[in-house]
């Protein structure tokens, strides 16, 4: 069920001024050859003229506008403060809770999990996949998210994976599936109910979580059920990677058009997908809002279950604080879905 929230006006008119906008201001639009104008005014008009003729590279965005939509650190320069605080809180939490750090699920140095078991046996687990545009960050920075889930009787795991440019985004999708397969097979060792494995990711991690949600797990291995996941959540996720391919991020990611479409959840056609919950902050860029909206429309039309929410007042970074806040509706919604009845075996 989609939750409709009226968007603030700040999300309108991101294309910048055009000559028509200038005319609406009442400025003279005729011959200016005899007008006395300063150099800054002249330069501004030249810039506006250039904006009018810049070719669009993706939807209504020219290159500058598209890069601006996806440059989250420039939009929120305080991002470093979030990372530093999350790292401190995560380190402190590891001192308070029982945890198994750097448990390998694959062959490379980064294919590891941090697992926080619940005190209750045979509990569901939330597996968290961090973001960083598939290029950076580390699981240990996000272990602070374990606290509200472990307190609710939910085990928590934070997952690392190899990053670009060392591996492709498609390989990261494979590693995500590998980690979830490993947890399914080793659930008993950590008191986990393998019928209730729930995956959740933020930003690029939201993309990887959604790709996991549409997996037919019996194709991964004969010992796995087709429906391995009880559910999935994507927080500020990306679902259409053509936008990323055409942005400055592709200097590192090296996506080609075929791969970008092949691993875009919006264009996937699975026979079945795990129930999906998608959330985005209303203060995020217009492209993140559009991607969630368009994906949900496509997903529902294909007969898949998806719930969406747009959270007022939240940015790409504050939304993770909401996930960790037991008084916030996002945290409550996630805990409710993880604790829901296990999937029916097939």
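Some points to look at:
- Filter pass, residue 2 being surrounded by 11 or more Cβ atoms within 10 Å (Cβ to Cβ), under 28 Å from the mean Cα position of the chain (by Cα), modelled with pLDDT under 95 and closer than 24 Å to residue 284 by Cα: yes
- Count of residues meeting criterion [closer than 22 Å to residue 218 by Cα and over 16 Å from the mean Cα position of the chain (by Cα)] in the range 171-201: 21
- Condition met for residue 323 (surrounded by fewer than 20 Cβ atoms within 10 Å (Cβ to Cβ) and assigned to a helix (DSSP H, G or I)): no
- Search result, residues across the range 305-320 that are surrounded by fewer than 22 Cβ atoms within 10 Å (Cβ to Cβ) and assigned to a strand (DSSP E or B): 307, 308, 309, 310
- Here the condition is being in a loop (DSSP other than H, G, I, E, B) and at pLDDT 95 or above; of 196, 177, 137, it holds for 137 alone.
- Cβ pairs under 7 Å, 6+ apart, first in the range 291-311 and more than 21 Å from residue 69 (Cα to Cα), second at pLDDT 95 or above and surrounded by fewer than 18 Cβ atoms within 10 Å (Cβ to Cβ): 306/300
Rundown of residues vs (1) touching a strand residue (DSSP E or B) at 6+ places or on another chain (Cβ under 7 Å); (2) assigned to a loop (DSSP other than H, G, I, E, B); (3) buried (at least 18 other Cβ atoms within 10 Å of the Cβ), yes/no style:
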site	(1), (2), (3)
205	yes, no, yes
212	yes, no, yes
224	no, yes, yes
233	yes, no, yes
243	yes, no, yes
255	no, yes, yes
259	no, no, no
271	no, yes, no
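- Between 166, 135, the distinction of being farther than 14 Å from residue 103 by Cα and without any contact (Cβ under 8 Å) to a residue 12 or more places away in the chain belongs to 166 only.
- The set of residues in the range 273-297 being farther than 16 Å from residue 234 by Cβ and in a helix (DSSP H, G or I) consists of 286 alone.
- Screening the range 273-288 for residues that are within 19 Å of residue 241 (Cα to Cα) and out of contact with any helix residue (DSSP H, G or I) (no Cβ under 7 Å at 6 or more places or on another chain) and picking the one that is surrounded by the most Cβ atoms within 10 Å (Cβ to Cβ) gives 284.
The values are calculated or read from the model by the stated rules, or taken from the named source; none is laboratory data. This structure is a prediction, so every number in the text was calculated from the model and none was measured. Every residue, glycine among them, receives a Cβ derived from its backbone with ideal geometry; neighbour counts consider all protein chains shown.
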